[in-house]
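Here is the structure we will look at, set down as structure tokens.
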Amino acid sequence: MYKNNEWAVEAHGLVKVFGDNRAVDGVDLKVRAGSIYGVLGPNGAGKTTTIRMLATLLRPDAGSARVFGYDAVKESQIVRQLIGVTGQYASVDESLSATENLVIFSRLLGLGRAEAKAKAEELLEEFGLTEAAKRPLKNFSGGMRRRLDLAASLIAQPPLIFLDEPTTGLDPRTRAQMWETIRRLVKTGSTVLLTTQYLDEADQLADRIAVIDRGRVVAEGTVDELKTSVGTSSLHLRVEQASDVPETRRTIEQVLHAVSGVSSEAGVITAPMANADLVTDLLVALRAKGIRLAEMSVQKPTLDEVFLTITGEGAKNKEEASA
Ligand SMILES: Nc1ncnc2c1ncn2[C@@H]1O[C@H](COP(=O)(O)OP(=O)(O)O)[C@@H](O)[C@H]1O
Ligand SMILES: [Mg+2]
């Protein structure tokens, strides 16, 4: 059926310029069919603009994009049949109820009358919107709209689904529900490309991630690869006897060859660790000195730290600055 079964998205050198603002400045993306791909970046990074080009809603100024092998510009009609974009569905008519809107979508997609009604009820139930089903859309909160939006995109369940910040502004419970739904979509055969400003969301959901900043992909890989590329893990250690802290610090410095960065606060000693294998040597050395440990862990960097390292700026600060 597809020209390319392996890659749901292949974009090369995508550019979009608004006035003198290069909103998207040469983006390459490859999304494997059947995966969840996360595009992670702060407000204004160019995420939505990128998605709009991939989804045939905006014409690129340069570069090319293919969806399952079909060109997003030259074969946009075919591409449109293969994709779903949340945001474009939410309402046919604001004065109609959620049920009526979903029934209309289902009918537009070719479902029969009874089938459309059953589908609408099933989706509203799943998204916890049964109570609100009869209310007109204009009385819906932002979170309810978002849920209805995703529900609408599930009627057809297209092979490739674009979700632009699907959980921004949602309460934790609804957010977790969204994550479950997204995972289910992929289990049942769809490919999902989602954008997010939440590092933990990309971490939780995505098989691969592109970190985008100022219209450019600044890092790409699996979550683990990104974390590893940032380098050192850190060692966290708590000793049973506070009086052992100085000797423990000396031992860590010797064994890990950590000349700087070893710190202790409230009895917890933290040290950078380039080579996780050395942790065995350290434990042996501490045991030999009779130092007893209360706690020990080796932690990979968080995605926040990854972002900070790659872009030189904290993602949180940017969000706040633009909010
Ligand atoms: N239609 C538009 N006209 C002019 N500028 C735009 C338009 N859409 C987006 N931009 C600008 O392009 C940049 C990227 O925006 P966007 O793709 O929405 O980022 P994100 O989705 O990552 O927050 C921003 O500087 C934004 O102001
Ligand atoms: Mg956006």
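The values are calculated or read from the model by the stated rules, or taken from the named source; none is laboratory data. What you see is a predicted model, and the numbers here were worked out from it, not measured in a lab. Glycine also receives a Cβ, built like all others from the backbone with ideal geometry; neighbour counts cover every protein chain displayed. These accessible areas exclude ligands, DNA and RNA; they are computed on the full protein's heavy atoms, side chains included. Shrake-Rupley method; radii C 1.70, N 1.55, O 1.52, S 1.80 Å.
Quick rundown of the values:
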read-out	value
Scan of segment 1-18 for residues that are open to solvent by 60 Å² or more (accessible area, probe 1.4 Å) and either more than 15 Å from Leu58 (Cα to Cα) or in contact (Cβ under 8 Å) with a residue 40 or more places away in the chain (or both), ordered by number	Met1, Lys3, Asn5, Glu6, His12
Qualifying positions in segment 144-175 - at pLDDT 85 or above, within 16 Å of ligand 1 (Cβ to nearest atom) and open to solvent by 20 Å² or more (accessible area, probe 1.4 Å)	Asp164, Glu165
Any hit, segment 207-223, residues being within 21 Å of Leu150 (Cβ to Cβ), away from ligand 1 (no atom under 16 Å from the Cβ) and in contact with a helix residue (DSSP H, G or I) (Cβ under 9 Å, 6 or more places away or on another chain)	yes
Positions within segment 176-193 being buried (at least 17 other Cβ atoms within 10 Å of the Cβ), under 13 Å from the mean Cα position of the chain (by Cα) and assigned to a helix (DSSP H, G or I), in sequence order	Met178, Ile182
Residue satisfying condition, being closer than 26 Å to Arg22 by Cβ, open to solvent by less than 80 Å² (accessible area, probe 1.4 Å) and within 16 Å of ligand 2 (Cβ to nearest atom), within set Ala55, Ala72	Ala55
Elements of type strands (runs of 3 or more DSSP E) contained in segment 1-74, each with 1 or more residues being of a type in the set (Ser, Thr, Tyr)	36-40, 62-67
Enumeration of residues in segment 107-160 that are within 26 Å of the chain's Cα centre (by Cα) and among the hydroxyl-bearing types (Ser, Thr, Tyr)	Ser141, Ser153
Residues that are open to solvent by 10 Å² or more (accessible area, probe 1.4 Å), within 16 Å of ligand 2 (Cβ to nearest atom) and of a type in the set (Gly, Ala, Ser), drawn from segment 194-216	none
Hits in segment 258-291 - residues which are more than 34 Å from the chain's Cα centre (by Cα), surrounded by 11 or more Cβ atoms within 10 Å (Cβ to Cβ) and assigned to a loop (DSSP other than H, G, I, E, B)	Ala258, Gly267, Lys289, Ile291
Residue that is surrounded by the most Cβ atoms within 10 Å (Cβ to Cβ), among those in segment 228-257 that are touching a Ser or Thr at 6+ places or on another chain (Cβ under 8 Å) and within 30 Å of Arg175 (Cβ to Cβ)	Val230
